[in-house]
Every structure is written in C-alpha cells, then in structure tokens.
C-alpha cells in the first residue's frame, strides 16, 4: 500500500485566531464513552459496533450533520484541529456501522478491489465536497505539519492508533494526542524491539517524512514517546525495521 502524499488545499488554510468560540463535541464524546473499551486485555482500544443502539446511530448521524453545517475557518487553529480529527473519526465509525458486520474497513465499497472508502465523497463542508483522504492528506497533514495528527486519526483497524474514549476539544487536543502517541509506541503494534530486531507499524513507513528525515531521527521520535527502558534501546538502534500492519476491524 502506498500512502497518499500531502496535497495542500489552500481553501482550508484560514482561521480566526481572535475567535474564542468553541464547537460542541459532547454528543460524540458521549458515544465514545459508551462504546469504546479502553481497558481491553490486548492493549488496543476497541469499539463495540454491535452494541450501538438505534438512538445513538441517529445521534451520530446528527452530530456529523451538525459539523457539516459549520465553517471551521471561522475558528482558531486549535479548535479546527479538534474539529477535523473528530469529524474523521466519527465518519469512520458511521461507515463501519452502516456496513456492519465487516472484517475490515477495506471491505467497504468495491469488495473485489478492497480499496476501502477513503476516496469516496462523503461530506460537504463550507460548500466543498470532502473525502476522508481529503481531511487527512489535503487538510490536516499539510496545514498543521504535525506528526501527532497520525496518533489522533482512528481508521477502524487493529493497527491504528487507539480510538480515544472522549472527543478532542481545543483544550485537550494537545495532551490527548501526546497520550495517544505514548499508547501507540509503547504497544507492540506500534514499536517492538525483541532479540535485537525491531518491528514497527507501517504507519511509520508510509509517513516517515512526517515523523523524521531519516531513521536515526525516527528513533528519537520513538524514544520521546517510549517508556524509559524502551527509549534507551531505541536510541541506540541502527538495524533494519520490519514494518507491518493489521487491517482487521477494531471490534471486541
């Protein structure tokens, strides 16, 4: 799989830094608190898709529709960041629910090609039709230039960073992204060093330039999030990295 490159969309590169308005994500937060298992024995947060009530499916639909009516460019950058992360994750959960039961996000859409739903125009915000890939690769990545973005996007798979049990807000977006990064890199699906050999999520291969210019600098990024003992080993590692990714759905 080749990940899409950044494709800067200037239309969205506007903000009102004088704005102190906030966007209400309480409906999404309530859904997350109800259905995310954040103490799963596997160490990977799970979403209880099969348990979602018809009422909460409607609430999710209403939440997404509410976000579509908002022009995020009217808000400050931090509010925008939370907006786009929540919208991406909420739409991903809705896609799974609309197609459930499935084994993988790749099962959505053309089942022969298995390219998933990421290039499908699913949203309309501020007059623009949007795909999930637009949000990730044309808005979040090029405008914010922040590798932590990747820790906040939950693509519905086991190898994704954890879907959090609360919504992003302008107040928590920085610490919550850092927490998500620590959870990911300290779990074997993120980074694993055993018997002198390293395995890491393909996320760090697909988007290496977002994280670091070279492998030595990537080790510094890993060690920044890693627990102390792991960090010491990571800083000295110079061998090959075996990248892998599990696209299985993050259901219990």
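The values are calculated or read from the model by the stated rules, or taken from the named source; none is laboratory data. These numbers were taken from a predicted model, which means no experiment stands behind them. Neighbour counts run over all protein chains shown; Cβ positions are idealised from the backbone, glycine included.
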Inside region 67-79, the number of residues satisfying the requirement of being free of Cβ contacts under 8 Å to residues at least 60 places away in the same chain and in contact with a helix residue (DSSP H, G or I) (Cβ under 8 Å, 6 or more places away or on another chain) is 2
Taking residue 56 as the residue in question, decide whether it is more than 28 Å from residue 182 (Cβ to Cβ) and either in contact (Cβ under 8 Å) with a residue 60 or more places away in the chain or assigned to a helix (DSSP H, G or I) (or both).
yes
Failed condition for residue 146, given (1) assigned to a helix (DSSP H, G or I); (2) under 14 Å from the mean Cα position of the chain (by Cα); (3) within 21 Å of residue 13 (Cα to Cα)
(1)
With the requirement that a residue be without any contact (Cβ under 8 Å) to a residue 60 or more places away in the chain and either crowded, with 20+ Cβ neighbours inside 10 Å or closer than 15 Å to residue 94 by Cβ (or both), what does region 125-135 give you?
125, 130, 131, 132, 135
Exclusive hit being in contact (Cβ under 8 Å) with a residue 12 or more places away in the chain and in contact with a strand residue (DSSP E or B) (Cβ under 7 Å, 6 or more places away or on another chain), set 243, 207:
243
On the given criteria, is residue 214 on the phi < 0 side of the Ramachandran plot and in contact with a helix residue (DSSP H, G or I) (Cβ under 9 Å, 6 or more places away or on another chain)?
yes
Looking only at region 116-137, decide whether some residue is touching a strand residue (DSSP E or B) at 6+ places or on another chain (Cβ under 6 Å), closer than 20 Å to residue 10 by Cβ and part of a loop (DSSP other than H, G, I, E, B).
yes
Tell me which of these residue 42 doesn't satisfy, since it passes every other one: (1) modelled with pLDDT of 95 or more; (2) within 19 Å of residue 163 (Cα to Cα); (3) part of a helix (DSSP H, G or I).
(3)
Output the residue which, of all residues in region 184-197 that are over 21 Å from the mean Cα position of the chain (by Cα), touching a residue at least 40 places away in the same chain (Cβ under 8 Å) and not in a loop (DSSP other than H, G, I, E, B), is nearest to residue 221 (Cα to Cα).
193
At positive phi, touching a helix residue (DSSP H, G or I) at 6+ places or on another chain (Cβ under 8 Å), outside the structural domain of residue 229 (by TED's automatic domain parsing) and part of a loop (DSSP other than H, G, I, E, B) - does that describe any residue in region 164-183?
no
Would you check if there is a residue in region 54-62 being in contact with a strand residue (DSSP E or B) (Cβ under 8 Å, 6 or more places away or on another chain), crowded, with 17+ Cβ neighbours inside 10 Å and modelled with pLDDT of 95 or more?
no
Within region 93-115, the residues that are touching a helix residue (DSSP H, G or I) at 6+ places or on another chain (Cβ under 6 Å) and not in a helix (DSSP H, G or I) are 100, 108, 114
Does region 16-26 contain any residue that is assigned to a helix (DSSP H, G or I) and surrounded by 13 or more Cβ atoms within 10 Å (Cβ to Cβ)?
no
In region 148-160, what residues are buried (at least 18 other Cβ atoms within 10 Å of the Cβ) and touching a residue at least 40 places away in the same chain (Cβ under 8 Å)?
149, 150, 152, 153, 154, 155, 156, 157, 159, 160
Candidate set: region 31-43, residues that are in contact with a helix residue (DSSP H, G or I) (Cβ under 9 Å, 6 or more places away or on another chain) and buried (at least 17 other Cβ atoms within 10 Å of the Cβ); chosen: the one farthest from residue 188 (Cα to Cα)
31
